[in-house]
Amino acid sequence: MSSNILEIKNLKKYFPIKSGFFSKVSAYVKAVDGVSINIKKGEVLGLVGESGCGKTTLVNTVLNLIEPTEGEVIFDGKEMFTLNKKDLRDIRKYIQIVFQDPFWSLNPRMLVKDIIGEPLDVQAGMNSLEIVPKVEELLEMVGLPKEGVYKYPHEFSGGQRQRIAIARALALMPKLVVLDEPTSSIDVLSQAQILDLLGKLKEKFDLTYILISHDLSVVSYMSDKIAVMYLGKIVEYGDSRKIFENPKHPYTQALFAAIPDINTERIEDIATLEGNVPSAINPPKGCRFHTRCPKAMDICSKDEPKLITLSDGRSAACHLMK
Ligand code: SF4
């Protein structure tokens with residue numbers, strides 16, 4: 001049996017663009033265009049790419065928050081897109097998300113016991129007598145005092161609020177947790193502590209993470225594998241250490257080369273790539289990166305390179321890899 005907790009097969013998400021009096025579909029934004037990735041149980045997959053490359057749409061489609069256009073997502077052996085509503089609800093409790101900014105993701109008018117207790121009530125059917133001690137246990141699990149149950153989010157620091165968000169995400173003991181920029185809105189000291197906590201919780205509960213981050217130091221610290229996305233497609237994918245040490249795809253090389261110190265820089269800060277990311281409505285023919293690639297050849301504007309497996313096990317989509 002496969003040890004993959006998640007298999008994404010040829011996933012596509014196109015958003016229709018309507019125009020004219022009859023709102024006819026005139027084009028599509030191809031936000032995710034044929035992505036295939038496997039994640040093994042206990043792994044951390046880092047998703048890397050400039051803003052607008054399709055990372056968030058990919059994750060939202062996998063989480064079933066938006067409908068796919070095409071493709072399959074198999075989570076823990078079950079094909080997600082064929083499940084009925086009840087089975088989908090059941091399976092969703094095993095997939096949770098921790099958002100970027102705990103200030104916005106936690107309802108400021110709710111007590112911590114209700115914030116963390118909500119999934120215990122709604123999805124696990126626990127009563128209020130059971131919920132409070134469980135929330136206390138979860139608070140201690142993320143390094144907060146159990147007395148926090150009767151406090152509001154604003155009574156905590158940014159780092160502590162992110163711990164509350166993590167406690168809520170782990171309340172139902174998920175198998176897969178999506179970490180969407182989990183440290184980008186908190187101070188540097190708290191960032192290190194949150195990363196340490198996430199690492200410990202992963203080991204303790206055998207969790208699998210998908211990590212979205214613009215911070216390459218966080219991605220290299222946390223990830224076992226990385227997937228580099230450009231205009232809705234994976235351009236390089238494989239062992240994180242190998243890719244960070246020796247990126248093969250020209251786009252990955254440009255991302256990393258632009259960063260003098262991987263420990264301090266974020267992807268938004270890079271300026272070495274010429275031009276902007278082209279529109280996903282009308283992506284360049286051939287290799288989507290050819291309009292910005294310093295190594296582009298004639299073939300690159302005609303034929304789209306396939307994602308092929310290289311001798312060291314990673315995959316890359318580039319005509320130079322043949
Ligand atoms: Fe650059 Fe061509 Fe490779 Fe695309 S296929 S990354 S344009 S060399």
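The values are calculated or read from the model by the stated rules, or taken from the named source; none is laboratory data. Keep in mind the model is a prediction, meaning the values are calculated, not measured. Cβ placement follows ideal geometry from the backbone for every residue including glycine, while neighbour counts extend to all protein chains displayed.
Worth a mention:
Every residue, every condition in (1) under 18 Å from MET173 (Cα atoms); (2) over 17 Å from the mean Cα position of the chain (by Cα), yes or no:
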| residue | (1), (2) |
| --- | --- |
| GLU70 | no, yes |
| ASP90 | yes, yes |
| VAL98 | yes, no |
| GLN123 | yes, yes |
| SER128 | no, yes |
| VAL132 | yes, yes |
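- Top-ranked residue in segment 210-227 [being small (Gly, Ala, Ser) and surrounded by fewer than 23 Cβ atoms within 10 Å (Cβ to Cβ); ranked as nearest to LEU63 (Cα to Cα)]: SER220
- Condition met for PHE21 (farther than 24 Å from LEU255 by Cβ and touching a Phe, Trp or Tyr at 6+ places or on another chain (Cβ under 9 Å)): no
- Note on segment 267-296: among residues that are surrounded by 16 or more Cβ atoms within 10 Å (Cβ to Cβ) and of a type in the set (Val, Ile, Thr), the one that is modelled with the lowest pLDDT is ILE270.
- Every pair of residues 6+ apart whose Cβ atoms lie under 9 Å, when the first sits in segment 277-289 and is within 17 Å of HIS249 (Cβ to Cβ) while the second is hydroxyl-bearing (Ser, Thr, Tyr) and more than 14 Å from the ligand (Cβ to nearest atom): VAL277/SER51
- Tally of residues being assigned to a loop (DSSP other than H, G, I, E, B) and closer than 21 Å to ILE74 by Cα across segment 158-190: 4
- Residue in segment 310-319 that is within 26 Å of the chain's Cα centre (by Cα), under 25 Å from ASN38 (Cα atoms), near the ligand (Cβ under 8 Å from one of its atoms) and small (Gly, Ala, Ser) present: yes
- Qualifying residue in segment 12-25 (condition: assigned to a strand (DSSP E or B), in contact with a Gly (Cβ under 6 Å, 6 or more places away or on another chain) and among the small types (Gly, Ala, Ser)): no
- Looking across segment 4-61, not a single residue is at pLDDT below 95, closer than 18 Å to LEU307 by Cβ and among the hydroxyl-bearing types (Ser, Thr, Tyr).
- Those helices (runs of 4 or more DSSP H) of segment 45-106 in which 1 or more residues are touching a residue at least 60 places away in the same chain (Cβ under 8 Å) and crowded, with 17+ Cβ neighbours inside 10 Å occupy 55-62, 102-105.
- Of everything in segment 164-184 that is farther than 10 Å from LEU138 by Cα and not aliphatic (A, V, I, L, M), the residue that is surrounded by the most Cβ atoms within 10 Å (Cβ to Cβ) is PRO182.
- Cβ-Cβ distances below 9 Å connect the following pairs, each with a first residue in segment 192-209 that is surrounded by fewer than 14 Cβ atoms within 10 Å (Cβ to Cβ), a second residue that is small (Gly, Ala, Ser), and a separation of six or more residues or different chains: GLU203/GLY42; ASP206/GLY42.
- With a requirement of 1 or more residues that are of a type in the set (Asp, Glu) and either within 16 Å of the ligand (Cβ to nearest atom) or modelled with pLDDT of 95 or more (or both), the strands (runs of 3 or more DSSP E) lying completely within segment 205-266 that satisfy it span 233-239.
- Selection status of GLY34, closer than 23 Å to SER220 by Cα and in contact (Cβ under 8 Å) with a residue 40 or more places away in the chain: no
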